[in-house]
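These notes are about the structure you will find just below.
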Amino acid sequence: MERMTKTNFKSPTPPQKRRKIIMSALTRRSFIGTTAAAVGSFAALQKVLGADRSKTDPGPANQPLDGQNPDSMWPPATDSKSLVPTFKYPFSFANKRTYEGGWSREVTVRELPVSKSMAGVNMRLTAGGVRELHWHTSAEWAIMLYGTARITAIDENGKSFVADTKKNDLWFFPSGIPHSIQGLQPDGCEFLLVFDDGDFSESETVLLSDSIAHLPTEVLSKNFGVREQAFQNVPKKELFIFQTDVPPSLAEDQKSAAGALGKSPKDFAFRTMEMRPTKQTKGGEVRIVDSRNFKVTTTAMAMVTVHPGGMRELHWHPNADEWQYYIAGKGRMTVVATGNRARTMDFQEGDVGYVQKTLLHYIENTGDTDLMFIEMFKSDLYQEFSFSEWLAHTPAELVMAHLNIDRATYDAIPKLGISVTPL
Ligand code: MN
Ligand code: MN
(Lines give C-alpha, C1' and ligand atoms only; values in the text may rest on other atoms or scores of the structure.)
(Ligands and ions follow the chains in the order given, each with its own letter.)
Protein backbone atom coordinates (compact mmCIF):
# COMPACT_ATOMS: atom_id res chain seq x y z
CA MET A 1 0.00 0.00 0.00
CA GLU A 2 1.33 3.41 -0.85
CA ARG A 3 2.22 5.67 2.06
CA MET A 4 0.31 8.86 2.43
CA THR A 5 1.51 12.08 4.00
CA LYS A 6 3.45 11.77 7.25
CA THR A 7 0.75 13.80 8.93
CA ASN A 8 -1.54 10.80 9.16
CA PHE A 9 0.57 9.65 12.16
CA LYS A 10 0.37 5.92 11.49
CA SER A 11 1.37 2.98 13.64
CA PRO A 12 3.30 4.25 16.73
CA THR A 13 0.61 6.70 17.84
CA PRO A 14 -2.34 5.24 19.78
CA PRO A 15 -5.77 6.15 18.29
CA GLN A 16 -6.78 8.41 21.17
CA LYS A 17 -3.59 10.43 20.99
CA ARG A 18 -3.79 10.45 17.22
CA ARG A 19 -7.21 12.08 17.37
CA LYS A 20 -5.77 14.76 19.65
CA ILE A 21 -2.88 15.49 17.32
CA ILE A 22 -5.24 15.64 14.36
CA MET A 23 -7.61 17.92 16.28
CA SER A 24 -4.85 20.33 17.16
CA ALA A 25 -3.66 20.27 13.56
CA LEU A 26 -7.21 21.01 12.46
CA THR A 27 -7.58 23.96 14.76
CA ARG A 28 -4.14 25.25 13.79
CA ARG A 29 -3.50 24.98 10.11
CA SER A 30 -2.83 21.57 8.63
CA PHE A 31 -5.74 21.29 6.27
CA ILE A 32 -3.91 18.60 4.35
CA GLY A 33 -3.04 16.40 7.30
CA THR A 34 -6.57 16.51 8.62
CA THR A 35 -8.10 15.83 5.27
CA ALA A 36 -5.76 12.90 4.72
CA ALA A 37 -6.74 11.39 8.05
CA ALA A 38 -10.42 12.01 7.42
CA VAL A 39 -10.56 10.54 3.93
CA GLY A 40 -8.27 7.68 4.88
CA SER A 41 -6.82 6.66 1.52
CA PHE A 42 -4.38 8.02 -0.98
CA ALA A 43 -6.92 7.97 -3.80
CA ALA A 44 -9.38 10.01 -1.79
CA LEU A 45 -6.61 12.38 -0.77
CA GLN A 46 -5.64 12.90 -4.39
CA LYS A 47 -9.25 13.65 -5.24
CA VAL A 48 -9.26 16.44 -2.64
CA LEU A 49 -5.82 17.79 -3.45
CA GLY A 50 -5.65 17.27 -7.19
CA ALA A 51 -2.13 16.45 -8.28
CA ASP A 52 -0.43 18.65 -5.67
CA ARG A 53 1.74 16.41 -3.54
CA SER A 54 3.88 19.26 -2.17
CA LYS A 55 3.05 18.70 1.46
CA THR A 56 3.97 15.05 1.58
CA ASP A 57 7.12 13.46 2.95
CA PRO A 58 7.30 9.92 1.56
CA GLY A 59 10.94 9.22 2.53
CA PRO A 60 12.37 8.02 5.87
CA ALA A 61 11.18 9.93 8.94
CA ASN A 62 11.40 9.94 12.70
CA GLN A 63 7.66 10.07 13.24
CA PRO A 64 7.59 10.62 17.04
CA LEU A 65 9.95 13.62 16.67
CA ASP A 66 8.00 14.97 13.68
CA GLY A 67 4.83 14.64 15.73
CA GLN A 68 6.40 16.72 18.51
CA ASN A 69 7.53 19.38 16.02
CA PRO A 70 4.57 20.09 13.72
CA ASP A 71 5.77 23.67 13.06
CA SER A 72 9.13 22.37 11.85
CA MET A 73 7.42 19.70 9.69
CA TRP A 74 5.04 22.17 8.07
CA PRO A 75 5.96 25.75 9.03
CA PRO A 76 3.22 28.39 9.04
CA ALA A 77 3.08 30.30 5.72
CA THR A 78 4.28 33.38 7.63
CA ASP A 79 7.67 31.81 8.47
CA SER A 80 10.46 33.03 6.19
CA LYS A 81 12.20 30.95 3.56
CA SER A 82 15.55 32.38 4.66
CA LEU A 83 16.94 30.37 7.54
CA VAL A 84 16.85 31.15 11.23
CA PRO A 85 19.24 28.99 13.32
CA THR A 86 17.59 26.73 15.90
CA PHE A 87 16.52 28.27 19.20
CA LYS A 88 15.49 24.99 20.81
CA TYR A 89 17.44 22.25 22.54
CA PRO A 90 15.74 19.48 24.53
CA PHE A 91 17.46 18.36 27.73
CA SER A 92 16.65 14.84 26.43
CA PHE A 93 19.59 15.25 24.01
CA ALA A 94 22.04 16.44 26.67
CA ASN A 95 25.12 14.53 27.79
CA LYS A 96 24.33 13.08 31.25
CA ARG A 97 26.94 12.52 33.98
CA THR A 98 25.73 9.86 36.41
CA TYR A 99 26.98 9.19 39.94
CA GLU A 100 25.91 7.33 43.04
CA GLY A 101 23.80 10.11 44.57
CA GLY A 102 22.41 11.68 41.39
CA TRP A 103 23.12 12.99 37.91
CA SER A 104 23.70 16.18 35.97
CA ARG A 105 23.28 17.38 32.37
CA GLU A 106 23.72 20.77 30.76
CA VAL A 107 22.65 22.89 27.80
CA THR A 108 25.27 25.52 27.01
CA VAL A 109 26.45 27.43 23.94
CA ARG A 110 28.11 24.16 22.83
CA GLU A 111 24.71 22.46 22.53
CA LEU A 112 22.67 25.53 21.52
CA PRO A 113 24.96 27.99 19.66
CA VAL A 114 22.52 30.93 19.86
CA SER A 115 22.53 30.82 23.69
CA LYS A 116 25.58 33.03 24.20
CA SER A 117 24.55 34.81 27.39
CA MET A 118 23.19 31.98 29.55
CA ALA A 119 23.48 28.24 30.15
CA GLY A 120 21.39 25.73 32.10
CA VAL A 121 22.08 22.63 34.17
CA ASN A 122 19.45 20.06 35.16
CA MET A 123 20.40 18.02 38.22
CA ARG A 124 18.97 15.18 40.31
CA LEU A 125 20.11 14.37 43.86
CA THR A 126 18.87 11.42 45.90
CA ALA A 127 17.95 11.80 49.59
CA GLY A 128 21.40 12.40 51.11
CA GLY A 129 23.00 12.88 47.66
CA VAL A 130 25.29 15.95 47.62
CA ARG A 131 26.42 18.32 44.88
CA GLU A 132 29.73 18.87 46.57
CA LEU A 133 30.98 22.16 48.05
CA HIS A 134 32.19 24.37 45.21
CA TRP A 135 32.09 27.80 43.61
CA HIS A 136 32.36 29.20 40.10
CA THR A 137 32.98 32.34 38.07
CA SER A 138 29.34 32.66 36.93
CA ALA A 139 26.42 33.56 39.16
CA GLU A 140 24.10 30.61 39.88
CA TRP A 141 20.30 31.06 39.76
CA ALA A 142 18.16 28.00 40.55
CA ILE A 143 14.59 26.75 40.69
CA MET A 144 13.49 23.56 42.46
CA LEU A 145 11.47 21.34 40.10
CA TYR A 146 10.76 18.37 42.37
CA GLY A 147 11.29 17.40 46.00
CA THR A 148 13.34 19.22 48.62
CA ALA A 149 17.00 20.12 49.17
CA ARG A 150 19.21 21.79 51.76
CA ILE A 151 21.47 24.52 50.41
CA THR A 152 24.49 26.00 52.17
CA ALA A 153 26.70 29.03 51.45
CA ILE A 154 28.64 31.78 53.18
CA ASP A 155 28.30 35.48 52.41
CA GLU A 156 31.18 37.86 51.66
CA ASN A 157 31.61 38.45 55.42
CA GLY A 158 32.02 34.76 56.09
CA LYS A 159 28.61 34.44 57.74
CA SER A 160 26.76 31.22 57.06
CA PHE A 161 23.55 30.59 55.15
CA VAL A 162 21.72 27.25 55.44
CA ALA A 163 18.15 26.81 54.13
CA ASP A 164 15.73 24.15 52.93
CA THR A 165 14.04 24.61 49.54
CA LYS A 166 10.93 23.04 48.03
CA LYS A 167 9.25 22.94 44.59
CA ASN A 168 9.23 26.36 42.82
CA ASP A 169 11.57 27.93 45.41
CA LEU A 170 14.57 29.78 43.97
CA TRP A 171 18.10 30.42 45.11
CA PHE A 172 20.84 32.71 43.85
CA PHE A 173 24.56 32.51 44.57
CA PRO A 174 26.65 35.41 43.19
CA SER A 175 29.93 34.44 41.49
CA GLY A 176 32.63 33.21 43.86
CA ILE A 177 30.21 32.44 46.75
CA PRO A 178 30.96 28.84 47.85
CA HIS A 179 27.90 26.60 48.18
CA SER A 180 26.47 23.06 48.26
CA ILE A 181 23.14 21.33 47.59
CA GLN A 182 21.91 18.14 49.25
CA GLY A 183 18.73 16.12 48.61
CA LEU A 184 16.40 15.58 51.58
CA GLN A 185 13.83 12.90 52.52
CA PRO A 186 11.81 11.23 51.18
CA ASP A 187 13.17 11.19 47.60
CA GLY A 188 15.76 13.93 47.21
CA CYS A 189 15.18 16.52 44.50
CA GLU A 190 15.54 17.64 40.91
CA PHE A 191 16.31 21.25 40.03
CA LEU A 192 17.40 23.59 37.26
CA LEU A 193 20.44 25.87 37.51
CA VAL A 194 20.79 28.88 35.20
CA PHE A 195 24.19 30.56 34.77
CA ASP A 196 24.78 34.04 33.35
CA ASP A 197 27.35 32.84 30.80
CA GLY A 198 26.63 30.65 27.77
CA ASP A 199 30.15 29.20 28.01
CA PHE A 200 29.59 27.95 31.55
CA SER A 201 30.13 24.26 32.30
CA GLU A 202 29.39 22.33 35.48
CA SER A 203 32.59 20.38 34.83
CA GLU A 204 34.68 23.54 35.21
CA THR A 205 33.87 24.59 38.77
CA VAL A 206 36.20 24.89 41.77
CA LEU A 207 35.48 21.83 43.92
CA LEU A 208 36.49 21.19 47.52
CA SER A 209 37.73 17.65 46.77
CA ASP A 210 39.59 18.71 43.64
CA SER A 211 41.30 21.61 45.44
CA ILE A 212 42.43 19.41 48.34
CA ALA A 213 43.68 16.68 45.97
CA HIS A 214 45.97 19.21 44.27
CA LEU A 215 47.61 20.60 47.40
CA PRO A 216 50.74 19.07 49.07
CA THR A 217 49.80 17.57 52.44
CA GLU A 218 52.49 19.65 54.20
CA VAL A 219 50.71 22.77 52.90
CA LEU A 220 47.36 21.48 54.18
CA SER A 221 49.04 20.70 57.51
CA LYS A 222 50.43 24.26 57.81
CA ASN A 223 47.21 25.86 56.62
CA PHE A 224 44.87 24.06 59.01
CA GLY A 225 47.36 23.58 61.88
CA VAL A 226 46.97 19.79 62.09
CA ARG A 227 49.25 16.79 61.52
CA GLU A 228 49.92 15.77 57.89
CA GLN A 229 48.61 12.25 58.60
CA ALA A 230 45.17 13.72 59.26
CA PHE A 231 44.77 14.15 55.48
CA GLN A 232 45.84 10.65 54.42
CA ASN A 233 42.30 9.65 53.40
CA VAL A 234 41.21 12.72 51.42
CA PRO A 235 39.74 11.90 47.98
CA LYS A 236 42.35 11.66 45.21
CA LYS A 237 39.90 12.90 42.58
CA GLU A 238 36.76 15.03 42.42
CA LEU A 239 33.53 13.86 44.01
CA PHE A 240 31.19 16.23 42.10
CA ILE A 241 28.08 14.31 43.25
CA PHE A 242 28.26 11.69 45.99
CA GLN A 243 25.97 9.76 48.30
CA THR A 244 26.08 10.32 52.05
CA ASP A 245 23.63 10.40 54.97
CA VAL A 246 20.60 12.70 55.03
CA PRO A 247 21.55 15.77 57.13
CA PRO A 248 20.18 16.46 60.64
CA SER A 249 17.42 19.05 61.28
CA LEU A 250 17.71 22.47 59.67
CA ALA A 251 18.08 24.17 63.06
CA GLU A 252 20.98 21.86 63.96
CA ASP A 253 22.80 22.50 60.68
CA GLN A 254 22.21 26.27 60.92
CA LYS A 255 23.62 26.33 64.45
CA SER A 256 26.62 24.21 63.52
CA ALA A 257 27.48 26.43 60.52
CA ALA A 258 26.88 29.78 62.26
CA GLY A 259 29.68 29.33 64.84
CA ALA A 260 30.74 32.52 66.58
CA LEU A 261 30.04 34.79 63.55
CA GLY A 262 26.30 34.11 63.47
CA LYS A 263 23.98 33.67 60.49
CA SER A 264 24.17 35.78 57.34
CA PRO A 265 21.57 38.57 57.24
CA LYS A 266 21.20 37.85 53.51
CA ASP A 267 18.55 35.52 52.13
CA PHE A 268 19.93 33.64 49.12
CA ALA A 269 16.58 31.82 48.69
CA PHE A 270 13.17 33.02 47.43
CA ARG A 271 9.76 31.37 47.95
CA THR A 272 8.09 32.03 44.59
CA MET A 273 4.62 30.77 45.47
CA GLU A 274 4.38 33.07 48.49
CA MET A 275 4.16 36.09 46.19
CA ARG A 276 0.98 37.03 44.35
CA PRO A 277 1.19 36.89 40.54
CA THR A 278 2.50 40.13 39.06
CA LYS A 279 -0.19 39.91 36.37
CA GLN A 280 -3.23 37.64 36.25
CA THR A 281 -5.71 37.34 33.36
CA LYS A 282 -8.31 34.83 32.14
CA GLY A 283 -5.57 33.30 30.00
CA GLY A 284 -3.00 32.75 32.74
CA GLU A 285 -0.53 34.50 35.02
CA VAL A 286 2.99 35.88 35.23
CA ARG A 287 5.27 36.18 38.26
CA ILE A 288 8.23 38.53 37.88
CA VAL A 289 11.12 37.92 40.29
CA ASP A 290 14.11 40.25 40.00
CA SER A 291 16.26 42.39 42.31
CA ARG A 292 13.19 44.46 43.26
CA ASN A 293 11.72 41.54 45.26
CA PHE A 294 14.67 39.09 45.46
CA LYS A 295 17.40 41.44 46.69
CA VAL A 296 20.51 39.33 46.05
CA THR A 297 19.79 38.36 42.43
CA THR A 298 21.38 39.76 39.28
CA THR A 299 19.35 37.30 37.14
CA ALA A 300 15.70 38.17 36.43
CA MET A 301 12.87 35.68 35.94
CA ALA A 302 9.35 35.71 34.57
CA MET A 303 7.45 32.53 35.53
CA VAL A 304 4.54 32.15 33.12
CA THR A 305 1.44 29.94 33.20
CA VAL A 306 -0.74 29.90 30.06
CA HIS A 307 -4.07 28.08 30.22
CA PRO A 308 -5.25 25.97 27.23
CA GLY A 309 -6.25 28.28 24.38
CA GLY A 310 -4.26 31.15 25.87
CA MET A 311 -1.13 32.90 24.68
CA ARG A 312 1.74 34.85 26.22
CA GLU A 313 1.19 38.06 24.26
CA LEU A 314 3.56 39.43 21.60
CA HIS A 315 6.46 41.26 23.26
CA TRP A 316 10.21 41.84 23.27
CA HIS A 317 12.92 42.57 25.81
CA PRO A 318 15.13 45.63 25.30
CA ASN A 319 17.82 44.77 27.85
CA ALA A 320 18.81 41.09 27.60
CA ASP A 321 18.55 37.79 25.75
CA GLU A 322 15.85 35.42 27.05
CA TRP A 323 16.75 31.86 28.10
CA GLN A 324 13.66 29.66 28.51
CA TYR A 325 12.93 26.40 30.24
CA TYR A 326 9.62 24.61 29.70
CA ILE A 327 8.30 23.06 32.91
CA ALA A 328 4.93 21.66 31.79
CA GLY A 329 2.57 21.48 28.83
CA LYS A 330 3.06 22.20 25.15
CA GLY A 331 3.53 25.43 23.25
CA ARG A 332 4.88 27.04 20.15
CA MET A 333 6.88 30.22 19.69
CA THR A 334 7.56 32.33 16.65
CA VAL A 335 10.65 34.51 16.79
CA VAL A 336 10.61 37.36 14.29
CA ALA A 337 14.29 37.97 13.54
CA THR A 338 15.82 40.89 11.65
CA GLY A 339 16.15 40.99 7.86
CA ASN A 340 12.72 39.56 6.98
CA ARG A 341 13.32 36.31 8.82
CA ALA A 342 11.00 34.40 11.14
CA ARG A 343 10.77 30.86 12.45
CA THR A 344 8.25 28.95 14.51
CA MET A 345 9.28 26.06 16.80
CA ASP A 346 7.41 23.78 19.17
CA PHE A 347 8.28 23.24 22.83
CA GLN A 348 7.33 20.86 25.60
CA GLU A 349 8.47 20.09 29.11
CA GLY A 350 12.22 19.67 29.45
CA ASP A 351 13.02 21.86 26.42
CA VAL A 352 15.26 24.92 26.43
CA GLY A 353 14.29 27.90 24.24
CA TYR A 354 16.17 31.09 23.45
CA VAL A 355 15.24 34.54 22.13
CA GLN A 356 17.91 37.12 21.36
CA LYS A 357 17.62 40.59 22.86
CA THR A 358 14.96 42.82 21.16
CA LEU A 359 13.44 40.10 18.96
CA LEU A 360 9.62 39.96 18.84
CA HIS A 361 8.00 36.73 20.10
CA TYR A 362 4.85 35.12 21.52
CA ILE A 363 4.32 31.74 23.18
CA GLU A 364 1.02 30.00 22.44
CA ASN A 365 -0.37 27.09 24.43
CA THR A 366 -0.92 24.36 21.80
CA GLY A 367 -1.86 21.60 24.26
CA ASP A 368 -4.88 20.82 26.39
CA THR A 369 -3.18 21.36 29.77
CA ASP A 370 -1.55 24.41 31.38
CA LEU A 371 1.68 25.49 29.71
CA MET A 372 4.27 26.57 32.27
CA PHE A 373 7.71 27.99 31.51
CA ILE A 374 10.29 30.42 32.82
CA GLU A 375 11.92 33.31 30.95
CA MET A 376 15.41 34.09 32.32
CA PHE A 377 17.47 37.23 31.79
CA LYS A 378 21.04 38.20 32.59
CA SER A 379 19.89 41.42 34.23
CA ASP A 380 18.95 42.49 37.75
CA LEU A 381 15.72 43.99 36.33
CA TYR A 382 12.99 42.45 34.19
CA GLN A 383 12.04 44.65 31.22
CA GLU A 384 9.67 44.13 28.31
CA PHE A 385 7.83 46.00 25.60
CA SER A 386 4.32 44.77 24.86
CA PHE A 387 3.43 44.88 21.14
CA SER A 388 -0.17 45.84 21.99
CA GLU A 389 0.83 48.48 24.49
CA TRP A 390 3.17 50.04 21.96
CA LEU A 391 0.49 50.25 19.23
CA ALA A 392 -2.13 51.44 21.72
CA HIS A 393 0.13 54.32 22.73
CA THR A 394 1.06 55.48 19.22
CA PRO A 395 -1.23 57.95 17.35
CA ALA A 396 -4.18 55.94 16.01
CA GLU A 397 -4.12 57.37 12.46
CA LEU A 398 -0.43 56.50 12.12
CA VAL A 399 -0.99 52.86 13.13
CA MET A 400 -4.13 52.56 10.95
CA ALA A 401 -2.19 53.89 7.92
CA HIS A 402 0.55 51.27 8.45
CA LEU A 403 -1.67 48.25 8.92
CA ASN A 404 -4.68 49.12 6.80
CA ILE A 405 -7.01 48.52 9.73
CA ASP A 406 -10.16 50.38 10.72
CA ARG A 407 -10.74 52.45 13.83
CA ALA A 408 -12.73 49.73 15.63
CA THR A 409 -9.82 47.29 15.23
CA TYR A 410 -7.35 49.89 16.50
CA ASP A 411 -9.57 50.66 19.50
CA ALA A 412 -9.75 46.96 20.38
CA ILE A 413 -5.96 46.70 20.89
CA PRO A 414 -5.33 46.02 24.61
CA LYS A 415 -3.50 48.68 26.59
CA LEU A 416 -1.84 46.38 29.13
CA GLY A 417 1.62 44.79 29.20
CA ILE A 418 3.16 41.58 30.70
CA SER A 419 -0.04 39.75 29.79
CA VAL A 420 -1.39 36.38 28.86
CA THR A 421 -4.39 36.43 26.50
CA PRO A 422 -7.38 36.27 26.71
CA LEU A 423 -7.49 39.20 29.14
MN1 MN B 1 27.06 25.79 41.80
MN1 MN C 1 9.79 36.96 26.50
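Which condition number in (1) modelled with pLDDT of 95 or more; (2) assigned to a loop (DSSP other than H, G, I, E, B); (3) surrounded by fewer than 13 Cβ atoms within 10 Å (Cβ to Cβ) is the one that GLY309 fails?
All conditions are met except number (3).
Can you report the number of residues in the stretch 209-241 which are touching a Ser or Thr at 6+ places or on another chain (Cβ under 6 Å) and either outside any loop (DSSP other than H, G, I, E, B) or more than 20 Å from GLN182 (Cα to Cα) (or both)?
2
Do we find a residue being without any contact (Cβ under 8 Å) to a residue 40 or more places away in the chain and among the charged types (D, E, K, R) anywhere in the stretch 390-398?
In the first step, residues of the stretch 390-398 are kept if they are without any contact (Cβ under 8 Å) to a residue 40 or more places away in the chain; the result is 390-398.
From what's left, among the charged types (D, E, K, R): 397.
Yes; the residues of the stretch 390-398 include at least one that is without any contact (Cβ under 8 Å) to a residue 40 or more places away in the chain and among the charged types (D, E, K, R).
In the stretch 323-368, how many residues are more than 15 Å from ligand 2 (Cβ to nearest atom), under 20 Å from PRO422 (Cβ atoms) and of a type in the set (Ser, Thr, Tyr)?
Qualifying residue count for the region: 1.
Which members of the stretch 207-254 meet the condition of being among the acidic types (Asp, Glu) and surrounded by 15 or more Cβ atoms within 10 Å (Cβ to Cβ)? Spell out the reasoning first.
The initial filter retains those residues of the stretch 207-254 that are among the acidic types (Asp, Glu), namely 210, 218, 228, 238, 245, 252-253.
Passing the criteria: ASP210, GLU238, ASP253.
For the stretch 257-271, indicate whether the set of residues that are closer than 24 Å to LEU125 by Cα and over 29 Å from the mean Cα position of the chain (by Cα) is non-empty.
Checked against the condition, which is being closer than 24 Å to LEU125 by Cα and over 29 Å from the mean Cα position of the chain (by Cα), the stretch 257-271 yields at least one hit.
I'm told SER115 meets every condition in (1) at pLDDT 95 or above; (2) surrounded by fewer than 20 Cβ atoms within 10 Å (Cβ to Cβ); (3) assigned to a loop (DSSP other than H, G, I, E, B) except one. Can you identify the failing condition by its number?
Of everything listed in (1) at pLDDT 95 or above; (2) surrounded by fewer than 20 Cβ atoms within 10 Å (Cβ to Cβ); (3) assigned to a loop (DSSP other than H, G, I, E, B), SER115 misses just condition (2).
Hey, can you tell me all the residues within the stretch 312-366 that are touching a Pro at 6+ places or on another chain (Cβ under 9 Å), crowded, with 21+ Cβ neighbours inside 10 Å and not in a strand (DSSP E or B)?
Hits for the stretch 312-366 are GLY329, THR366.
Output the number of residues of the stretch 85-114 satisfying the condition of being among the acidic types (Asp, Glu) and under 21 Å from GLU322 (Cβ atoms). So that I can check it myself, show each step before the final result.
Taking the stretch 85-114 first, the residues among the acidic types (Asp, Glu) are 100, 106, 111.
With the extra rule that they be under 21 Å from GLU322 (Cβ atoms), the set shrinks to 106, 111.
Final tally of qualifying residues: 2.
The values are calculated or read from the model by the stated rules, or taken from the named source; none is laboratory data. As the structure is a computational prediction, the values presented were derived from the model and not from experiment. Here Cβ is always computed from backbone atoms with ideal geometry, including for glycine, and neighbour counts include all displayed protein chains.
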